[in-house]
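J.: One structure, pasted below without further comment.
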Amino acid sequence: MINVAVLGFGVVGSGVVELIEQNKVGINTRSGKLVQVVKILDIREFAESPFKHLLTKNSEDIFSDASISVVVETIGGATIAYELTKKALLAKKHVVTSNKELVATHGPELLSLAAENSVHYLFEASVGGGIPIIRPLYNCLAANEITGITGILNGTTNYILTAMKKDKKHFPLALKEAQTNGYAEADPTADIEGHDACRKIAILSSIAYNQFVDYKDVQTEGISKVTLEDIQYAEALGCSIKLIGESRKINDKVYIRVSPVIIDKSHMLSNVEDVFNAIVVEGNAVGDTMFYGKGAGKLPTASAVVADVMEIAKKCSCMRNTLVWDKEKKLQIVDCTQMASRFLVRIKSDMEEVALVRLVENNVGDVQWIKRLSNTETNEFVFITAQEIEAKITKLLTELENNHLKVLSKIRVL
Ligand code: HSE
């Protein structure tokens, strides 16, 4: 029998409790054990909940109960969740979490604490919600050198970008719609500024390259500056704009970033829409593999959490003593601004067209001019640069701005 305690009875926590009840026959059969939730920690009252008899406000009811072997942490954040996770591991209880902020911030310490106490710290649900990605990366693709990861890792921003493209909505309206539908938080900063995707790509990269990647080192840009016009220019080129988290091992360093990117419709990620997530993992033996599904939500996330609980019940997880992230030996990051790419650039100027074209080509070099969209202003000009170091393009565009010309946007083309 596996007795489980759930810390935090919010969306994911309640999903975990409900899923274990709903699918108990299959869960117990596949685990080879009876898996049951025996305590739920939350300071709130849930008078109507069928699980209210399991609720406690006192964490000691859980940590001092020797019959509880697994603690599910679905509190979120890196403060109370951090303290309670440490207490659980020190009490020699396995911990399963969906909390990417905690894993990305304190993963090295919590993994060593788990190892010292001979228990698991598992976090399949921290990236990609219900999509299996952590365990496939760590186990099924373990024979490969992972050469790269490219993913749509945030459902909220993918929903917003899809609404902008399909319904021609401007960013503020698409964000409002995402909030009304319960995808974006009241404070949407972590999603729209790319912080959430940044933590997720750091977690995946740490697993893929066997060395800790600190999310604070990741160059991160969100989608709050992406306009409807940017999206429509991309569409006119047969492309989409997606918020992409990507990383690539380059010798002993890692190239890693989160940014809005223009991708061609032939790219595997281009048709991933709405709140869906997808992650392409490149291995040197397997080639490209793609993982696709619901990256957020109550039951999809609970699906990954409960699978981790079952993994512990089966006692066959290979993650126990082998996954170690040493914070002192974190992977060095390549300066993304020194990498070459093409960029879609939109500029605005009152200069006469022939003179402007000459000025841009003299400064930026060979560019591909794009036909102006009918709904954009007549003094707007759009071009795609040749493959060039990003820092150099930024410098050239800054110089152009000194010539009474305004750069409206600059978006990388993958
Ligand atoms: N805010 C996250 C998203 C939730 O939109 O993808 C899942 O991590």
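J.: Across the range 134-293, how many lysine pairs, 8 or more positions apart or on different chains, have C-alpha atoms separated by under 20 Å? Please give the number.
T.: 24
J.: Given N362, N375, V127, which one lies farthest toward the positive end of the charge dipole of the chain, if we put +1 on the Cβ of every Lys and Arg and -1 on the Cβ of every Asp and Glu?
T.: Value computed over the given set: V127.
J.: Take peptides 153-165, 179-191, 394-406, 11-23 and line them up by average Cβ neighbours within 10 Å, highest first, as a rough protection proxy. Don't jump to the answer; show the numbers that get you there.
T.: On the way: 153-165: 25.4, 179-191: 15.4, 394-406: 13.8, 11-23: 20.5.
With the highest mean Cβ count within 10 Å placed first, the list reads 153-165, 11-23, 179-191, 394-406.
J.: Would you mind listing how long the range 134-293 runs along its three principal axes, going by Cα atoms, in whole Å with the largest first?
T.: Taking the Cα atoms of the range 134-293, the three principal extents are 45, 32, 25 Å.
J.: Right, here's the next one. Using Cα-Cα distances under 8 Å and only pairs 6 or more residues apart, what relative contact order does the range 2-126 have, in percent? Please report the intermediate quantities before stating the final value.
T.: Values: 202 pairs, mean separation 30.7, N = 125.
Value for the range 2-126: 25 percent.
J.: Next up: Got a sec to turn the phi values of the range 217-222 into Karplus ³J(HN,Hα) couplings, 6.51 cos²θ - 1.76 cosθ + 1.60 with θ = phi - 60°, whole Hz, x for Gly and Pro?
T.: With coefficients 6.51, -1.76 and 1.60, one gets 8, 7, 5, 10, 9, x Hz.
J.: How long is the range 329-414 along each principal axis, judged by its Cα atoms, biggest number first, in Å?
T.: So the three principal-axis extents are 54, 25, 19 Å.
J.: Could I ask something else about it? What does DSSP give for the range 337-413 in terms of the percent of beta bridges that are antiparallel, rounded to the nearest 5?
T.: Working: 18 of 18 bridges.
In the range 337-413, DSSP labels about 100 percent of beta bridges as antiparallel.
J.: Turning to a different aspect of this structure: Using the Cβ atoms and a cut-off under 11 Å, what net charge is assigned to the surroundings of S31, where Lys and Arg are +1 and Asp and Glu are -1?
T.: Summing Lys and Arg as +1 and Asp and Glu as -1 gives +4.
J.: Can you work out the Karplus-derived ³J(HN,Hα) for every residue in the range 338-344? Use 6.51 cos²θ - 1.76 cosθ + 1.60 with θ = phi - 60°, whole Hz, and x for glycine or proline.
T.: After applying 6.51 cos²θ - 1.76 cosθ + 1.60, I find 9, 8, 8, 7, 9, 9, 8 Hz.
J.: Additional query: Given H placed on each backbone N at 1.01 Å, which residues far from V37 in sequence or on other chains put an amide H within less than 5 Å of it?
T.: The list, which skips near neighbours in sequence, is V4.
J.: Per q in 0.09 Å⁻¹, report the Debye log10 I(q)/I(0) for the range 2-126, using one uniform scatterer on each alpha carbon and no solvent.
T.: -0.23
J.: Now a separate question. Arrange the peptides 230-239, 346-355 so that the one whose residues have, on average, the most other Cβ atoms within 10 Å appears first. Let's see the in-between values first.
T.: On the way: 230-239: 19.4, 346-355: 14.0.
Order by mean packing, descending: 230-239, 346-355.
J.: Out of the total accessible area of the range 306-414 (probe 1.4 Å, heavy atoms of protein only), what percent is carbon and sulfur?
T.: Summing carbon and sulfur atoms, their accessible area is 49 percent of the total for the range 306-414.
J.: Another one. Among 240-253, 28-41, what's the highest-first ranking by average C-beta atoms within 10 angstrom per residue? Intermediate values should be presented prior to the final figure.
T.: Details: 240-253: 20.0, 28-41: 17.6.
Ranking the peptides 240-253, 28-41 by packing returns 240-253, 28-41.
J.: Given 4 °C and 1.567 mPa s, compute D for the chain with the Stokes-Einstein relation, Rh being the Kirkwood radius over Cα pairs; round to the nearest whole µm²/s. Numbers along the way, then the final one.
T.: Details: Rh = 22.9 Å.
Approximately 57 µm²/s, per Stokes-Einstein.
J.: From the phi angles alone, apply the Karplus equation (6.51, -1.76, 1.60; θ = phi - 60°) to the range 140-147 and give each ³J(HN,Hα) in whole Hz, x where the residue is Gly or Pro.
T.: 5, 9, 4, 7, 8, 8, 7, 9
J.: Averaging sequence separations of C-alpha pairs under 8 Å and six or more residues apart, then dividing by the length of the range 79-154, give the relative contact order as a whole percent. Could you put the intermediate results ahead of the total?
T.: Numbers: 71 pairs, mean separation 21.1, N = 76.
Value for the range 79-154: 28 percent.
J.: How about K100: which aspartates and glutamates have a C-alpha closer than 13 Å to its C-alpha, ignoring those fewer than 8 places off in the same chain?
T.: Excluding near neighbours in sequence, the set is E73, E124, D191, D196, D214.
J.: So, one more: Please list, or write none, the aspartates and glutamates whose alpha carbon is within less than 16 Å of the alpha carbon of K24, excluding same-chain residues fewer than 8 places away.
T.: Filter leaves D308, E311.
J.: Relative contact order of the range 134-293, please, whole-number percent, based on alpha carbon pairs below 8 angstrom and at least 6 residues apart.
T.: Relative contact order here is 35 percent.
The values are calculated or read from the model by the stated rules, or taken from the named source; none is laboratory data. Keep in mind that this is a model prediction, so the values were computed, not measured. Using ideal geometry, Cβ is built from the backbone for each residue, glycine included, and neighbour counts are taken over all protein chains shown. Heads up: the accessible areas ignore ligands, DNA and RNA and are worked out on the full protein's heavy atoms, side chains in. Shrake-Rupley method; radii C 1.70, N 1.55, O 1.52, S 1.80 Å.
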